[in-house]
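Input: a single structure, listed below in structure tokens.
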Amino acid sequence: MHGYHYCDLKKKITFKLDWKFVERFCGILKVLFPSCTSQSALLFGTLLVVTLTEQLIIYQVGVLPSRFYNVLADQDYSGFRSLVAKAMVLIIINSTLKSLDQFICNLMYVSWRKTLTESLHAAYFQGRVYYTVNVLREEVDNPDQRISQDAERLCKQMSTMASRLIVSPFTLAYYTYHCFYSTGWIGPVSIFGYFVIGTFANKILMGPIVSTLFEQEKLEGDFRFKHMQIRVNAESAAFYRAGKVEHMRTNRRLQALLQIQKSLVKKELWLYIGVNTFDYLGGFLSYIIIAIPIFTGVYDRLTPGELSALISKNAFVCIYLINGFTQLIDLSTTLSDVAGYTHRIGELREVMDDILHEQYPEPWPAQHSDFGNDDQKNRNGYFKCFVFSLNSSFSDFNVHAGPVDTAFIVDQLSYKSPYADELLVEDLSLTISQGVHLLVVGNTGTGKTSLLRVLNRLWEAHSGFVQMTTCFGPRGTLFLPQKPYLTDGTLREQVAFQIKTIILQVLTCAVDDERIVHDTCVFQSSLLRRTGGLDEEVDWNWYDVLSPGEMQRLSFARLFYLQPKYAFLDEATSALTEEAEAQLYRTCKQLGMTLISLGHRSSLEKYHDVQLRLCGGACWEITKLRGGSLKDEAS
Ligand SMILES: Nc1ncnc2c1ncn2[C@@H]1O[C@H](COP(=O)(O)OP(=O)(O)OP(=O)(O)O)[C@@H](O)[C@H]1O
């Protein structure tokens with residue numbers, strides 16, 4: 001993954017408990033609490049009621065021992081019986097409320113995780129954001145980990161904080177009043193001062209933890225990614241006997257992760273020392289508060305008995321108030337975790353927002369067609385108008401008015417790969433029109449696939465103009481990438497993956513079954529037998545169980561099923577025999593598709609009318625081909 005290449009760059013950015021954190025946290029809160037009537041808000045309200053009731057009951061339970069002293073001292077048997085009954089009821093209510101409190105916190109965690117992850121997914125899978133984040137934007141490491149793990153941990157930590165935080169304003173206000181009532185201003189002022197100092201000290205101690213936690217999460221993602229790489233490429237690695245080298249590399253990642261974890265543990269030690277010192281000092285603070293008036297002679301007129309009663313009473317309220325504050329300070333370790341995860345998720349949200357604004361400056365998603373005028377051209381010459389087909393999975397492409405029998409009009413187009421200075425192709429002009437089969441050839445790395453990336457708007461053009469005049473999808477244009485794309489699920493989902501969820505009822509009809517079976521069986525009769533049927537769920541990874549040739553055949557089955565007008569085939573038959581290639585090309589033409597093929601094989605020439613050769617050094621040439629042997633057959 002690109003993230004770790006930029007490790008040094010990332011290290012320079014430090015994440016703290018600063019204004020940025022507050023902004024990002026508020027942004028996340030807005031997602032978690034979209035409205036006052038949202039599930040999270042209702043749960044939060046219920047939690048508030050439960051924790052407040054719990055506090056009242058706790059107070060009642062707290063005063064029970066003193067009442068027991070009374071009835072026992074008075075040998076009041078009936079009073080004792082009713083007190084035992086009351087204690088039982090209170091304890092049952094208390095434990096029920098405590099469990100309810102935990103239960104609501106857990107429900108809130110699930111609800112928050114759902115809301116946050118779904119909101120991240122909504123941005124991630126919108127348009128081509130997932131591609132840009134993973135391939136082109138290096139400032140965000142491990143987006144997958146941020147969405148799957150960091151979001152989960154943030155919600156977990158926030159839910160553990162919730163019940164303690166939610167009730168603290170009420171308990172603090174209540175005990176501040178009592179403290180003021182019994183000690184005068186000296187009590188609350190000293191305790192508030194103590195809390196401010198404690199908070200300040202903890203903020204300083206938390207600072208380095210937040211950025212270290214951020215870094216730790218990044219390395220955690222890198223480590224997991226390494227294992228995923230091995231899992232995905234297990235066979236290739238085994239052919240290379242790569243166990244030893246991968247063992248070393250994976251261990252290296254583990255060491256880097258463990259090192260940062262160690263440093264996090266060390267930094268946390270100082271925070272724990274701070275928190276514990278604050279806790280224990282708090283215990284003495286009440287005596288210090290009462291000592292001041294005693295030593296300054298304010299209580300000189302009191303008898304020793306009156307004085308000890310006053311000390312005990314003051315100590316009680318002060319300890320309660322201090323306890324309220326120390327509970328807040330104890331949350332600093334959780335807060336530093338929350339801050340780390342908030343920065344990671346906040347940063348991802350900002351980058352995804354940025355990409356969306358860059359790629360779709362107009363409100364998304366537009367539901368109407370609005371053909372562009374000159375004002376709508378962006379800096380690369382694209383029109384910023386959106387025309388969407390009914391099928392939303394095909395809806396993230398800009399389609400413009402143009403001649404009906406063309407797919408793309410390319411004018412003076414120059415493009416280069418990201419981060420490179422040299423152009424791959426300069427001032428390319430061509431029109432991809434119906435019935436004219438185009439072959440794109442050229443040496444490795446001359447920019448053949450990049451042309452498709454630019455046409456598809458995965459990459460921005462350096463200059464020039466690209467107009468897409470036919471929509472993407474069935475009866476439009478379809479791209480078969482060099483590396484076959486397979487998703488998880490049934491065979492039906494592989495062949496008809498894009499429209500399955502949209503028009504399920506159409507797919508389930510017999511005609512479609514027949515088409516899929518036909519498309520699949522013509523080339524892969526064994527595949528249907530292996531899967532046990534079109535809708536049989538398989539638990540295998542399609543990339544592991546299909547040979548490259550089978551994957552390419554499956555891609556063609558999808559093509560025949562979707563039947564686009566224009567098919568862009570990027571080395572789509574490179575793993576097949578020439579006979580199989582001929583058969584597939586023949587079927588494509590019989591189905592009336594216009595083919596735009598990229599490849600190295602000379603055997604491809606005969607299926608095309610025009611050849612675009614990318615010569616390297618930004619040069620290109622277009623020539624007419626004699627071939628077109630299958631054209632006649634098709635017509
Ligand atoms: N994501 C990327 N980031 C940066 N550079 C890239 C990226 N993808 C490709 N490139 C570079 O762009 C150049 C053109 O790549 P492209 O895939 O278009 O080559 P190609 O002509 O299709 O080659 P082949 O015949 O091997 O498929 C190459 O130098 C490649 O390294």
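Using a 1.4 Å probe and ignoring any ligands, DNA or RNA, find the accessible area of E23 and quote it in Å² to the nearest 10.
90
Take L90 and Q60, extend 7 Å from each Cα along the Cα→Cβ direction, and tell me the distance between the two endpoints in nm.
Distance between the two pseudo-spin positions: 0.8 nm.
Within the stretch 535-553, whose backbone N sits under 20 Å from a point 7 Å along Cα→Cβ of R231?
538-546
Using 0.36 nm times the number of residues separating Q590 and Y181, minus their current alpha carbon distance, what extension gain do you get?
In short, 138.0 nm is gained.
Taking every pair of distinct Cα atoms and averaging 1/r, then inverting, what Kirkwood hydrodynamic radius in Å comes out for the stretch 153-253?
18.7
Using the Karplus curve 6.51 cos²θ - 1.76 cosθ + 1.60 with θ = phi - 60°, what ³J(HN,Hα) values do you get for each residue of the stretch 565-577, in whole Hz, with x for Gly and Pro?
6, 10, 10, 9, 10, 8, 6, 6, 10, 4, 9, 10, 6
How big is the charge dipole of the stretch 76-177 about its Cα centre, in debye rounded to the nearest 20, if each Lys and Arg gets +1 on its Cβ and each Asp and Glu gets -1 on its Cβ? Don't skip to the end; give the middle numbers.
Working: 11 positive and 9 negative charges, 77 e Å.
That gives a dipole near 360 debye.
Do the alpha carbons of any pairs in K114/K565; K98/K203; K483/K565 sit beyond 28 Å of each other, and which pairs?
K114/K565; K98/K203
Hey, quick one: spin label on Q482, modelled 7 Å out along Cα-Cβ, who in the stretch 536-558 has an amide N within reach, i.e. under 17 Å?
Those under the cut-off are 548-549, 552.
Within the stretch 164-189, which residues have the backbone N less than 16 Å from the label spot 7 Å out from F33 along Cα→beta-carbon, could you tell me?
164-170, by backbone N distance to the label point.
Please work out how much accessible surface T277 shows to a 1.4 Å probe, ignoring ligands, DNA and RNA, in Å² rounded to 10.
Its accessible surface works out to 70 Å², give or take rounding.
Just report the Cα centroid separation between the stretch 61-120 and the stretch 278-303, whole Å.
33
Once amide H atoms are built 1.01 Å from N in the peptide plane, which residues 5 or more positions from W459, or in another chain, come under 5 Å H to H?
Amide H to amide H, under 5 Å and 5 or more residues apart or across chains, W459 pairs with V454.
What residues have an amide H closer than 5 Å to that of V425, excluding those fewer than 5 places away on the same chain, when H is modeled at 1.01 Å from N in the peptide plane?
Y415
Using a/c under 1.5 as the rounded threshold, could you call the stretch 398-624 rounded, prolate or oblate? The axes a ≥ b ≥ c are square roots of the C-alpha gyration tensor eigenvalues, and prolate needs a/b larger than b/c, oblate otherwise. Please report the intermediate quantities before stating the final value.
Numbers: a/c = 1.88, a/b = 1.71, b/c = 1.10.
Prolate, because a/c is 1.5 or more and a/b exceeds b/c.
Taking a threshold of 26 Å on the Cα-Cα distance, which of the pairs K226/K416; K448/K606; K30/K262 fall above it?
From the list (K226/K416; K448/K606; K30/K262), the Cα-Cα distance tops 26 Å for K226/K416; K30/K262.
Between L136 and D421, how many nm apart are label points set 7 Å from Cα along the C-beta direction?
A separation of 2.2 nm, rounded to one decimal place.
Please list, in order along the stretch 226-234, the HN-Hα scalar couplings obtained from phi with the Karplus expression 6.51 cos²θ - 1.76 cosθ + 1.60 (θ = phi - 60°), rounded to whole Hz, x for Gly and Pro.
With coefficients 6.51, -1.76 and 1.60, one gets 4, 5, 5, 4, 5, 4, 6, 9, 4 Hz.
Going by amide H atoms built from the backbone, whose H comes under 5 Å of the H on G476, apart from near neighbours?
Here K565, Y566 satisfy the definition.
7 Å from Cα along Cα→Cβ at both R241 and A309: what's the point-to-point distance in nm?
Label at R241, label at A309, 9.1 nm between them.
³J(HN,Hα) across the stretch 91-102 via Karplus (A = 6.51, B = -1.76, C = 1.60, θ = phi - 60°), whole Hz, x for Gly/Pro?
Going residue by residue, I get 5, 5, 4, 4, 5, 5, 5, 4, 5, 4, 4, 5 Hz, with x marking Gly and Pro.
Could you compute the FRET efficiency for A580 and E118, with r as their C-beta to C-beta distance and R0 at 41 Å, rounded to 0.05? Working shown, then result.
Values: r = 43 Å, r/R0 = 1.05.
The calculated FRET efficiency here is 0.45.
How do R249, R492 rank by accessible surface area computed with a 1.4 Å probe, from largest to smallest?
These residues rank, largest area first, as R249, R492.
Using a Cα-Cα cut-off of under 13 Å, which aspartates and glutamates could be cross-linked to K20, ignoring same-chain neighbours fewer than 8 residues away?
List returned: E347, E350.
Between L528 and D144, what length comes free when the chain is fully extended (0.36 nm per residue of separation minus the Cα-Cα distance, one decimal in nm)?
135.0 nm
The values are calculated or read from the model by the stated rules, or taken from the named source; none is laboratory data. Note that the structure is predicted; figures quoted are calculated from it, not measured. Positions of Cβ are backbone-derived with ideal geometry, glycine not excepted, and every protein chain shown enters the neighbour counts. Note: areas computed on protein heavy atoms with side chains; ligands, DNA, RNA excluded. Shrake-Rupley method; radii C 1.70, N 1.55, O 1.52, S 1.80 Å.
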